[in-house]
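Just below is one structure, and these are the notes that go with it.
Every number here is computed from the coordinates shown, using simple stated rules; none is lab data. Note that this is a predicted model, so its numbers are computed, not measured. Every residue, glycine among them, receives a Cβ derived from its backbone with ideal geometry; neighbour counts consider all protein chains shown.
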Amino acid sequence: MRTLLYAAQLGCLTVALALPISRSIAAGQTQSPDPPLSQISLPESKLPTRGSLMAAATRFVTALIEKDTGALLQQFSNSGVVFDVDEDPIPREKIGLLMAQKAHLYCLLLDTACLRNNPIFKSQWAPRDSLLGGKSYRLEAGTPQEINHRLAMHVRLFVQANPDRAGRGEEFCNLDYILEEGSWKVSGVQIY
């Protein structure tokens, strides 16, 4: 997969990013562009804040802990979600089907025993079980960025005092969020 270097200037901060180019774009297919952020107007009550992002991330964690697949599905972007880093987005509808079937994504997010039935994941923990095995967790939000004409932010999840994570560190999951119709939605999940 090829990557594209993208520089986003936000206020006085310039951030350089390496973004994957999807296979369809690399093959010459085009997508209709979203309007630039400067042309998007939201009511003041819908303006994104770090607080609203942290609230969205907390809802995601709560849905994981409660094993609430319906609430998890509502957290995902309508544009799909990239799991890992070199994959194409999985459409939200397909994520819903896989969750209902208790298939791969269900196992990846919610059930370590199910996940470990696949030899590739013998030492992997589902984020839900990482959270349940710890005494507490914390979230850290990154810096806002404009990616593909959308406001995006990154949230890192850490679990404290989980003996199963000894030697691997407290960080166990990264979530990429995009602002979609005034709400933060998960567009990417990386699990460690």
If one puts a single equal scatterer on every Cα of the stretch 47-191 and applies the Debye formula without solvent, what log₁₀ I(q)/I(0) results at q = 0.10, 0.19 Å⁻¹?
-0.32, -1.19
Name the aspartates and glutamates eligible as straight-distance cross-link partners of K67: C-alpha to C-alpha under 15 Å, and not fewer than 8 places from it in the same chain.
D111, D129
Explain nothing, just the number: dipole magnitude of the stretch 117-192 about its Cα centre with +1 on each Lys and Arg Cβ and -1 on each Asp and Glu Cβ, in debye rounded to the nearest 20.
280 debye
